[in-house]
1. So Phe263 fits all but one of (1) crowded, with 18+ Cβ neighbours inside 10 Å; (2) in a loop (DSSP other than H, G, I, E, B); (3) at pLDDT below 90; (4) hydrophobic (A, V, I, L, M, F, W, C); what number is the exception?
2. Criterion first (modelled with pLDDT under 95 and acidic (Asp, Glu)) does Asp137 satisfy it?
3. Report, by residue number, each residue of the range 191-213 that is among the hydroxyl-bearing types (Ser, Thr, Tyr) and crowded, with 19+ Cβ neighbours inside 10 Å.
4. Among the residues of the range 1-51, how many are without any contact (Cβ under 8 Å) to a residue 60 or more places away in the chain and under 19 Å from Leu256 (Cα atoms)?
5. How many residues are among the aliphatic types (A, V, I, L, M) and surrounded by fewer than 20 Cβ atoms within 10 Å (Cβ to Cβ) if we restrict to the range 37-85?
6. Just to check your reading of the model, which residue among Ala105, Ala121, Ala111 is surrounded by fewer than 21 Cβ atoms within 10 Å (Cβ to Cβ) and in contact with a strand residue (DSSP E or B) (Cβ under 8 Å, 6 or more places away or on another chain)?
7. What tally of residues in the range 44-64 results from selecting those that are within 14 Å of the ligand (Cβ to nearest atom), in contact with a helix residue (DSSP H, G or I) (Cβ under 7 Å, 6 or more places away or on another chain) and more than 13 Å from Ala83 (Cα to Cα)?
8. Starting from the range 169-192, take each residue that is among the basic types (Lys, Arg) and list its partners that are part of a strand (DSSP E or B), counting only C-beta distances under 9 angstrom and pairs at least six apart or across chains.
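The values are calculated or read from the model by the stated rules, or taken from the named source; none is laboratory data. Because the structure is predicted, anything quoted here is derived from the model rather than measured. As a convention, Cβ positions derive from the backbone with ideal geometry for all residues, glycine included, and neighbour counts pool all protein chains shown.
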Amino acid sequence: MADGMDRNAPIGVFDSGIGGLTVAREIMRQMPDENIVYFGDTARVPYGNKSKATILRFSRQIVSFLRTKQVKAIVIACNTASAHALEAIEKEQDIPVLGVIKAGAYTAARATANGRIGVIATRGTIDSGVYEQVLRDLNPGFQIFGKACPLFVPLVEEGLTHDFITEEIARRYVKDLQYKGIDTLILGCTHYPLLRTLLRKVMGEEVALVNPAYETAVELKALLTQKGLCHAPRMLSGAEEGLGAPASYRFYVSDLAAQFQEFANSILPYDVAGTEQIDIEEYGGSH
Ligand code: DGL
């Protein structure tokens, strides 16, 4: 780990676009003292149908950018980027780096009673086999059934989270998983927690829905606590910088800042005041 890391430094969170805000939202809820720098790669979204080499290059550039903001830890709040880039980036960085996949897999492993677990995600995540790998390492007896749901991301981004069209598509996507008798379903894409109500209706009450965003925030908190990197409590008076002030959240995107801001305001529990557009290609991604 980098020497002398400032525990009051921000946490860097990134995603291919807006979806990672579901993870940022959980971090804000569970760790209200923490400052966050969020980057959404809105110029190059979606990641879900791109190759591992491309996603790794993009992720390295974003990590280089976040490091210019002196972040103390990085959360890869995108399932596809976690699937393709976490392993490499973790090795290259001297600060804690966390993805969203392990948290989701561990929760599913605890939730399942019959060992039959479904995973819905982008094509990239499903084809990488990463959820399957982590779950099998936990218990080789698990039976895992993956299903790519490429239409969900655009439907969510169009605001059709409660629409009958989305429900019809969801029924088609999960039909096979229902035949397999799964009792647990991992929502393995940043956008899917926003379809939770609809998926609950389609899957029924007896299937546990796992939201990796929630669990990632739990894991992050444990990791920062263990490393002594949690932000100083803001309620106490003291000399440390940042005490007493509310947490700061900064948002950066690679394209269409206004559109991002609109979506952010629809899902975050407070108003996003300013989103800055940057040229992510300027960041070399060297490590
Ligand atoms: N953030 C992506 C994920 O969680 C979904 C959107 C995309 O395909 O870029 O996999």
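1. Looking at each condition in turn, Phe263 falls short on (2).
2. Details: modelled with pLDDT under 95: no; acidic (Asp, Glu): yes.
No: the conditions fail for Asp137.
3. Initially, the range 191-213 is screened for residues among the hydroxyl-bearing types (Ser, Thr, Tyr), giving 192, 197.
Residue satisfying the conditions is Tyr192 alone.
4. Number satisfying all stated conditions: 1.
5. As a first pass, look at the range 37-85 and keep what is among the aliphatic types (A, V, I, L, M): 37, 43, 45, 53, 55-56, 62-63, 66, 71, 73-77, 81, 83, 85.
The next check asks that each one be surrounded by fewer than 20 Cβ atoms within 10 Å (Cβ to Cβ); those that pass are 43, 53, 56.
Summing the residues that are among the aliphatic types (A, V, I, L, M) and surrounded by fewer than 20 Cβ atoms within 10 Å (Cβ to Cβ) in the range 37-85 gives 3.
6. Values: Ala105 fails: surrounded by fewer than 21 Cβ atoms within 10 Å (Cβ to Cβ); Ala121 fails: surrounded by fewer than 21 Cβ atoms within 10 Å (Cβ to Cβ).
After ruling out the rest, the residue left standing is Ala111.
7. Of the residues in the range 44-64, the ones within 14 Å of the ligand (Cβ to nearest atom) are 44-52, 54-55, 58-59, 62.
In the following step, the residues that additionally are in contact with a helix residue (DSSP H, G or I) (Cβ under 7 Å, 6 or more places away or on another chain) were identified as 44, 46-50, 52, 55, 59, 62.
Those still in the list that are more than 13 Å from Ala83 (Cα to Cα) too: 44, 46, 62.
Total satisfying the criteria: 3.
8. Lys180/Arg116; Lys180/Gly118; Lys180/Gln143; Lys180/Phe145
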